[in-house]
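The values are calculated or read from the model by the stated rules, or taken from the named source; none is laboratory data. Owing to the predicted nature of the structure, the values given are computational and were not obtained by experimental measurement. Virtual Cβ from ideal backbone geometry, glycine too; neighbours counted across all protein chains shown.
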Amino acid sequence: MKAKGKVTIPTDESFVEGTKRIAALWGADAVRDCDGTVLPANVAELAEKVYNTYFIVRGDNAWADKHPEEAHRTFLMSERVVAEGDTLEIDPMQRYFAQQIAPDAGELARWEVIDRTTGELHARWQWVAEKGVVRIEGAVPMHEYTVSFMAKILWHPVQIYNYLTNNWTCEKQKAYDPAFPATAEYVKRHMQEWCDAHPETNVVRFTTFLYQFTLIFNEKGKEKYVDWFGYGLSTSPALLDAFEKEYGYALRAEDFVDGGCYANPFRLPGKRFRDWMDFVQRKVSSVVGELVDIVHKNGKEAMMFLGDDWIGAEPYGKYFKDMHLDAVVGSVGGGVTVRMLSEIPHVKYTEGRFLPYFFPDTFFDGNEDNAVAELNRNWVTARRALLRKPLDRMGFGGYLSLAAKFPKFVDRVAEICDEFRAITAAAGKARPYCGLTVAILNEWGTIRSWMSHMVAHELWYQQVYSYQGVLEALSGLAVNVKFISFDDVRTHGFDEDIDVVINVGDAYTAYSGGKNWADEKLVSAVRGWVREGHGFIGIGEPTAYAQGGRYFALADVLGVDKEVGFTLSTDKYNLDKHAHFITEDVRGEIDYGEGMKNIYALDGAEVLDIVFSDRFKRRYSVGEVKLAANECGAGRGVYIAGIPYSPQNARLLLRSMFWAAHREDEMKKAFSSNPLTECTYYPETGKYALINNSTDKQTTTFYDIAGKGAKIALAPGETRWIEG
């Protein structure tokens with residue numbers, strides 16, 4: 001009999017019979033609607049559970065039109081303009097999408113003109129409404145000026161994306177803000193009315209809550225600025241006033257505009273922005289908690305979509321539990337997002353929406369093979385993480401009628417659904433074996449668990465894929481992963497179970513640490529902990545903060561430093577490449593992604609990989625170290641120039657961690673020798689899962705928990721369950 005359950009599929013009123021057929025094939029027990037679709041009248045006949053999308057702050061344009069003063073707001077920065085005389089005019093809307101935003105001239109007191117050449121506020125300006133410009137007087141010629149202005153949101157950003165992607169012609173949705181009193185009462189009243197009108201709904205799928213992540217479009221309707229963590233669209237005048245009353249100081253436009261960086265998570269957050277985050281989280285959790293209580297009183301479950309208007313609903317934040325949610329669903333981009341979802345606390349179950357999305361940008365004539373290939377890539381990267389910490393459910397989004405036109409795709413999804421159910425059955429309640437405990441050290445710590453080095457969710461960016469690969473590798477490795485902040489170390493040091501600390505990122509970012517490494521107490525604490533016998537791995541520009549003649553504050557731990565032009569007169573002779581435990585599984589060249597230039601090894605460090613230019617033949621002060629190992633007191637340090645995800649790089653990182661922890665002899669327990677394969681062991685059940693992450697047949701030596709080896713052949717993409 002066909003296995004069933006744990007799968008959610010989209011449906012709509014025009015594809016009822018097709019939904020029944022695919023639900024049976026995939027074993028789906030739940031159906032859902034999507035943005036832009038309507039559930040069938042007989043939807044309860046299609047599945048055991050019915051999810052219905054619910055928007056708190058958009059979807060009722062009649063209400064928005066009745067209360068335009070309660071629209072969402074944001075602070076934005078104009079283009080930079082150079083003054084050629086003592087007066088100039090700046091159009092704040094230049095290169096912004098006029099259908100999305102409009103300057104809010106009713107809030108001119110919150111606007112700011114800044115001389116970006118000096119960083120000073122400029123007081124002599126006025127808004128010229130008839131021309132739609134800010135006229136600046138008393139400018140300094142050849143200085144650069146910007147206008148930081150408050151704008152009203154005219155069109156919800158996510159609907160803009162869906163609207164333009166799918167060529168919609170429906171009404172453009174406006175947004176309204178529950179920070180204002182009328183809307184605050186309205187959203188509670190509407191929640192009850194909606195529950196009354198939807199008796200067939202079992203799960204209210206909030207998409208999402210109150211404030212959209214920062215998503216701004218340019219004059220061509222293309223994305224201009226996107227920050228999946230951005231609080232920029234939460235800047236309601238009502239909230240700003242309430243904040244000032246509670247905290248005793250007012251926030252400025254520049255606190256959000258931040259010179260055009262918009263206080264994104266790569267920036268080190270100051271106290272003012274941290275206060276705002278905490279304030280917004282408390283307000284969001286309070287409002288959402290009331291709405292969820294209404295949902296529960298009506299006998300329905302409340303599910304959060306981790307996306308869209310999720311700002312202030314931090315799933316690893318201290319107020320998340322106050323929303324009383326039953327479930328969280330999110331998009332699965334790979335192993336990182338699986339772990340980000342599956343480890344969320346205070347909910348009964350988690351669900352992943354797998355890729356590809358059933359939209360016409362993928363599901364068009366002649367593209368079936370590409371759709372299947374994308375599905376397989378998504379599944380293989382996600383599966384590694386599912387075996388470590390599985391989601392409770394899986395699903396898809398979009399238009400099921402489009403996917404139904406691709407029979408090979410439909411059949412492949414059926415296979416994946418069965419494999420997903422097998423994984424959750426075996427691993428759902430069992431804790432996997434972990435050979436080490438590893439901590440990612442950055443500014444954000446726990447609140448950004450599995451979220452570092454993301455810009456637009458898990459999309460590829462040239463500047464971060466070399467670092468994002470660290471988390472992707474960790475998501476499926478047999479190690480316990482923690483996320484700790486610099487303040488955690490300052491406050492109570494390191495937990496006793498931590499074997500290795502990883503610091504990864506570009507210099508001066510929140511992830512590498514920036515000015516934190518100017519704190520001698522922090523530097524001494526980390527250095528002392530390593531020298532006691534622990535491991536430290538630095539990737540990219542770890543501990544970077546130029547002072548005292550060093551670029552890396554913990555160069556002595558890492559065994560390397562970066563030449564920035566100030567110590568060229570000191571010759572460097574440590575150039576010889578050594579064989580090492582860390583590189584035993586390397587075949588061919590190591591992929592460091594974008595890598596890092598001008599890294600040199602200190603005396604005593606072991607160079608494991610170095611690149612030379614063919615322009616120089618001398619034997620000193622040449623070469624760029626890409627990989628190094630270093631003894632530091634009783635501890636060990638490892639430097640890596642970058643780690644984009646690949647099976648070989650995941651193995652390289654695993655070996656680096658075991659070596660740094662002085663645990664080399666313990667690595668081959670519940671282990672698979674071939675880097676293209678991996679092993680997960682569940683001590684409670686005695687089961688092993690061997691997976692082949694490649695599209696070719698692989699042979700490997702499988703080691704059980706006692707270290708006993710056996711040769712095994714795995715078919716392409718296979719998952720093999722072995723009883724211990």
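Suppose we keep only residues that are of a type in the set (Gly, Ala, Ser) and on the phi < 0 side of the Ramachandran plot within the stretch 349-381. Which one would you say is surrounded by the fewest Cβ atoms within 10 Å (Cβ to Cβ)?
Out of the qualifying residues, it is Ala373.
Condition first: closer than 17 Å to Glu631 by Cβ, out of contact with any Phe, Trp or Tyr (no Cβ under 7 Å at 6 or more places or on another chain), outside any loop (DSSP other than H, G, I, E, B) and aliphatic (A, V, I, L, M). Can you find one or more residues in the stretch 586-602 that meet it?
Yes.
Could you run through the stretch 613-624 and say how many residues are surrounded by 12 or more Cβ atoms within 10 Å (Cβ to Cβ) and of a type outside the set (Asp, Glu)?
3
Sort out which residues of the stretch 433-490 are part of a loop (DSSP other than H, G, I, E, B) and of a type in the set (Gly, Ala, Ser), and write them in order of number.
Gly435, Ser449, Ser452, Ala456, Ser475, Gly476, Ala478
What's the number of the only condition in (1) among the aliphatic types (A, V, I, L, M); (2) crowded, with 18+ Cβ neighbours inside 10 Å; (3) free of Cβ contacts under 8 Å to residues at least 60 places away in the same chain that Ala327 fails to meet?
(3)
Going through Ser613, Ser656 one at a time, which residue ends up being at pLDDT below 95 and either closer than 27 Å to Tyr461 by Cα or assigned to a loop (DSSP other than H, G, I, E, B) (or both)?
Ser613
Just the residues that are in contact (Cβ under 8 Å) with a residue 60 or more places away in the chain and under 21 Å from Val489 (Cα atoms), please, taken from the stretch 541-560.
Pro542, Leu554, Asp556, Val557, Leu558
Restricting the search to the stretch 561-590, which residues are of a type in the set (A, V, I, L, M) and in contact (Cβ under 8 Å) with a residue 60 or more places away in the chain?
The answer is Ile582, Val586, Ile590.
Please verify whether Ala139 is small (Gly, Ala, Ser), within 34 Å of the chain's Cα centre (by Cα) and either in a loop (DSSP other than H, G, I, E, B) or at positive phi (or both), treating the condition exactly as stated. Even if it seems obvious, please write down each step before you answer.
On the way: small (Gly, Ala, Ser): yes; within 34 Å of the chain's Cα centre (by Cα): no; either in a loop (DSSP other than H, G, I, E, B) or at positive phi (or both): yes.
So Ala139 fails the test.
If I filter the stretch 342-378 down to residues being polar (S, T, N, Q) and not in a loop (DSSP other than H, G, I, E, B), which single residue comes out as farthest from the chain's Cα centre (by Cα)?
Asn370
Residues being surrounded by fewer than 17 Cβ atoms within 10 Å (Cβ to Cβ) and touching an Asp or Glu at 6+ places or on another chain (Cβ under 9 Å): count how many of those fall in the stretch 496-524.
The initial filter retains those residues of the stretch 496-524 that are surrounded by fewer than 17 Cβ atoms within 10 Å (Cβ to Cβ), namely 496-497, 515, 518-521, 524.
From what is left, the residues that are touching an Asp or Glu at 6+ places or on another chain (Cβ under 9 Å) are none.
Residues flagged as surrounded by fewer than 17 Cβ atoms within 10 Å (Cβ to Cβ) and touching an Asp or Glu at 6+ places or on another chain (Cβ under 9 Å) within the stretch 496-524 amount to 0.
I need a count of the residues in the stretch 294-322 that are assigned to a loop (DSSP other than H, G, I, E, B), closer than 29 Å to Thr74 by Cβ and of a type outside the set (D, E, K, R). Spell out how you get there, then give the answer.
Taking the stretch 294-322 first, the residues assigned to a loop (DSSP other than H, G, I, E, B) are 298-300, 306-309, 312-319.
Next, only the ones that are closer than 29 Å to Thr74 by Cβ stay: 306-309, 312-319.
With the extra rule that they be of a type outside the set (D, E, K, R), the set shrinks to 306-307, 312-313, 315-317, 319.
Selection size over the stretch 294-322: 8.
Can you list the strands (runs of 3 or more DSSP E) found entirely within the stretch 1-113 that contain at least 1 residues being more than 30 Å from Phe213 (Cβ to Cβ) and not aliphatic (A, V, I, L, M)?
Where strands (runs of 3 or more DSSP E) fall fully within the stretch 1-113 and carry at least 1 residues being more than 30 Å from Phe213 (Cβ to Cβ) and not aliphatic (A, V, I, L, M), they are 87-90.
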